[in-house]
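Enquirer: Could you have a look at this structure, given as structure tokens, before my questions?
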Amino acid sequence: MIRFLVIACVIFTCTGIVTAQPELDLEPNKIEFEDLFNKLENVLFINKGNEVLIIDTIYYNSDLYYVRFDKQRTYPLVIEPGDTLVMDCILAGFLSVTAVDTVDTMFVASNSKDGTEDIRVKIDFYDDGDNASVSGSISDGENSLADANVYFFYEGIYLLKTVKTDANGFYSAELPEGRYTVAAEKDSFYMIFYDQQRNPFNAKIAAIYKNENRTIDFVLSRIDYTGNIISGSVYDSTNTGYLRKAIVVIRKGNHNPKKPGVNYLNSEDAYSTFVNYDGTFKVHVAEPDYYFVQSFSDYYLPAYYKSEYSSTVFWQLADSIFINDNIIDKNIYLPRDSSFGGGIIEGKIIIDGIDPDSLNGTLVFAQSALNNYIYSFGFSRENGEFKINNLPYGNYKLFIQKIGFENYYSETVEISRLQPTIQNVEIHVTLSGADDKTFMPDHAMLYPNYPNPFNPSTAIEFFIPASSEVELIVSNILGEEISNLFHGFLSAGFYSYNFNGEQLSSGTYIITLKTKSDFISRKILLLK
């Protein structure tokens, strides 16, 4: 009897060893992009086994897709037994889809019992039309520069293609028809944009048409190694993973959120750089001074550096940095946008008494009139004209962000199946004087929180025009107070508070800002 028990125990133990293994379940394992309003699909990575699942990598066509995760940052991805990881699969290269690409496969390599598994992809639209050709040369004015990078940003926002110069400093690229911001960069040289601009906000847009052979040359200038350096990293604010496709823009200007206004902003004293593969950046500036630091990346909202290890979409809450030495760890956290539709809004910013070309580079954001989410953005260009792409169906208000200006809003417009493109939208800006570049609101402002939806925390930012007793509270949809973030006296200025909903359930909550003369509320959404 005793001998039987020993044998049974051994058999049970060995069986446990054999069956203890990770098991990857992909839900769904087939995704379909039906049209331009359907460019985002989610896939759940579920570990149904009883051991830790390790995903080594995912093999996919990076020219077509952009992949990101809700919780984890880089490979290897680690999923505990019974846990789930959410992957966003974005059809980022929708402009380049051909008939060959309409059926595709993504491969997931892991230590699961089945080894490599696949996700089948179907794309229901394509364009086999002729592309446009762009070519040119890059030099330092005397010598050709080999191995320089040339970047093509569709509508100034989406990095569609990167090419390198050959041994003779020449490059060429095939691109879909459209409007592009084009930039060139090489180690030891400053990044230069089309029309020899160091400031991307002043860059000339290159309109490229099918069957056209466009020539764009660049002359790069060497970096001034003065010892005035700023460095840091650019991160995804949702999972704090670093971003590999971001640009960092540094512009001279002195600003303190607690003291409204901008002492000065010299748009000519600007520097830009593309982040390294690990999300890090380093910029040398010629003169020690105060600078705004801002970053842009595909499918993220642009954000400024702000102290206390955070960032902000709004210049009014940004901190300028005094760069007079080797300044390190100035990190920027970009909130994700929701620009996965096919809607377009075009229009113009109108300011009486000011040259419209001075509005070049103004950011125009599309904010949902339903839930206050900021979905996407565009740049104003010649004559104050702007275009915002990739919007889902819905109602939107547009507002501008330009350093020194208040946020001015448009009327509400609707993107629908019957009218996916809206044109001739106007944003009117009224200044107290033609030379007023530091106009500030005369009323309290409660800005959209970011990220939104959030999990578990979000930044709540507001402005008060005069000293006042202030109360900032969060309540549920029944009006019951959840958290009193601040109650006290504040001087005029911009403020930011963090709300953590870790102990709360998913749902809609209300932010309320109370001052002696204003009462403002906004909805926020917690998703777990």
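The values are calculated or read from the model by the stated rules, or taken from the named source; none is laboratory data. Remember, predicted model here, so these are calculated numbers, not experimental data. Because the Cβ atoms are built from the backbone with ideal geometry, glycine has one as well, and the counts that use them run over all protein chains shown.
Enquirer: For the range 277-297, which positions are surrounded by fewer than 20 Cβ atoms within 10 Å (Cβ to Cβ) and assigned to a loop (DSSP other than H, G, I, E, B)?
Expert: Residues satisfying the conditions are Y277, D278, A286, E287, P288.
Enquirer: Within the range 251-276, which residues are in contact with a Lys or Arg (Cβ under 7 Å, 6 or more places away or on another chain), at pLDDT below 75 and surrounded by 14 or more Cβ atoms within 10 Å (Cβ to Cβ)?
Expert: L265, S267
Enquirer: Still on this model: Quick one: Q316 ticks every box in (1) over 15 Å from the mean Cα position of the chain (by Cα); (2) part of a strand (DSSP E or B); (3) surrounded by 19 or more Cβ atoms within 10 Å (Cβ to Cβ); (4) not acidic (D, E) except a single one, so which number is it?
Expert: (2)
Enquirer: Residue check, T98 against (1) more than 26 Å from the chain's Cα centre (by Cα); (2) among the hydroxyl-bearing types (S, T, Y); (3) at pLDDT 95 or above, all met but one. Which one?
Expert: Result: T98 fails condition (3) only.
Enquirer: Taking the range 388-424, which residues are within 16 Å of S339 (Cβ to Cβ), outside any strand (DSSP E or B) and under 22 Å from the mean Cα position of the chain (by Cα)?
Expert: P392, Y393 - these are the residues of the range 388-424 that are within 16 Å of S339 (Cβ to Cβ), outside any strand (DSSP E or B) and under 22 Å from the mean Cα position of the chain (by Cα).
Enquirer: Turning to a different aspect of this structure: Quick check on L504: is it within 29 Å of the chain's Cα centre (by Cα) and assigned to a strand (DSSP E or B)?
Expert: Judged against the criteria, L504 is not a match.
Enquirer: Which residues, taken from the range 206-250, are in contact with an Asp or Glu (Cβ under 8 Å, 6 or more places away or on another chain), closer than 30 Å to P176 by Cα and either aromatic (F, W, Y) or surrounded by 18 or more Cβ atoms within 10 Å (Cβ to Cβ) (or both)?
Expert: I208, Y209, L220, Y242, L243, K245
Enquirer: While we're here: Quick one: which strands (runs of 3 or more DSSP E) lie wholly within the range 160-208 and hold at least 1 residues that are of a type in the set (D, E)?
Expert: Counting at least 1 such residues, we get 170-175, 178-185.
Enquirer: What number of residues within the range 508-520 satisfy the criterion of being farther than 14 Å from E480 by Cα and in a strand (DSSP E or B)?
Expert: 4
Enquirer: Let me confirm something: among S233, S237, S172, which residue is within 22 Å of the chain's Cα centre (by Cα), modelled with pLDDT of 90 or more, under 30 Å from I90 (Cα atoms) and not assigned by TED's automatic domain parsing to the domain that holds F462?
Expert: Matching residue, one of S233, S237, S172: S233.
Enquirer: Still on this structure, please answer the following. Give the residues of the range 174-221 that are within 21 Å of D140 (Cα to Cα) and of a type in the set (G, A, S), sorted by residue number.
Expert: Scanning the range 174-221 gives A183, A184, S188, A203, S221.
Enquirer: Of the conditions (1) surrounded by fewer than 20 Cβ atoms within 10 Å (Cβ to Cβ); (2) within 30 Å of N131 (Cα to Cα), V97 clears all except one; give me its number.
Expert: (1)
Enquirer: Give the range 26-58 a look and list any residue that's touching a Ser or Thr at 6+ places or on another chain (Cβ under 8 Å) and not in a strand (DSSP E or B), or say none.
Expert: G49, N50 - these are the residues of the range 26-58 that are touching a Ser or Thr at 6+ places or on another chain (Cβ under 8 Å) and not in a strand (DSSP E or B).
Enquirer: Still on this structure, please answer the following. For residues in the range 431-449 being at pLDDT 75 or above and not small (G, A, S), which is surrounded by the fewest Cβ atoms within 10 Å (Cβ to Cβ)?
Expert: H443
Enquirer: Taking the stated definitions as given, is D195 surrounded by fewer than 16 Cβ atoms within 10 Å (Cβ to Cβ) and either in contact with a Pro (Cβ under 9 Å, 6 or more places away or on another chain) or at pLDDT 90 or above (or both)?
Expert: In short, yes.
Enquirer: For residues that are touching a residue at least 12 places away in the same chain (Cβ under 8 Å), of a type in the set (D, E, K, R) and either surrounded by fewer than 14 Cβ atoms within 10 Å (Cβ to Cβ) or within 20 Å of Y373 (Cα to Cα) (or both), tally how many sit in the range 460-482.
Expert: The number of residues fulfilling the criteria is 2.
Enquirer: While we're here: Can you tell me which residues in the range 32-45 are under 24 Å from the mean Cα position of the chain (by Cα) and either over 21 Å from E117 (Cβ atoms) or surrounded by fewer than 18 Cβ atoms within 10 Å (Cβ to Cβ) (or both)?
Expert: Passing the criteria: D35, L36, F37, N38, K39, L40, N42, L44.
Enquirer: Can you find even one residue in the range 392-412 that is closer than 20 Å to Y154 by Cβ, surrounded by 20 or more Cβ atoms within 10 Å (Cβ to Cβ) and in contact with a helix residue (DSSP H, G or I) (Cβ under 8 Å, 6 or more places away or on another chain)?
Expert: The answer is no; no qualifying residue exists.
Enquirer: Please specify each residue of the range 462-476 satisfying the condition of being modelled with pLDDT of 85 or more and within 30 Å of the chain's Cα centre (by Cα).
Expert: Listed by number, the residues that qualify are F462, I464, L472, I473, V474, S475, N476.
Enquirer: If we keep just the residues of the range 209-220 that are part of a loop (DSSP other than H, G, I, E, B) and modelled with pLDDT of 95 or more, which is nearest to S96 (Cα to Cα)?
Expert: It comes out as I216.
Enquirer: Restricting to the range 483-512, name every residue that is surrounded by 15 or more Cβ atoms within 10 Å (Cβ to Cβ) and more than 21 Å from A318 (Cα to Cα).
Expert: S483, G501, L504, Y509, I510, I511, T512
Enquirer: Here's something else I'd like to know. Can you work out which of the residues in the range 357-387 that are surrounded by fewer than 16 Cβ atoms within 10 Å (Cβ to Cβ) and assigned to a helix (DSSP H, G or I) is modelled with the highest pLDDT?
Expert: N383
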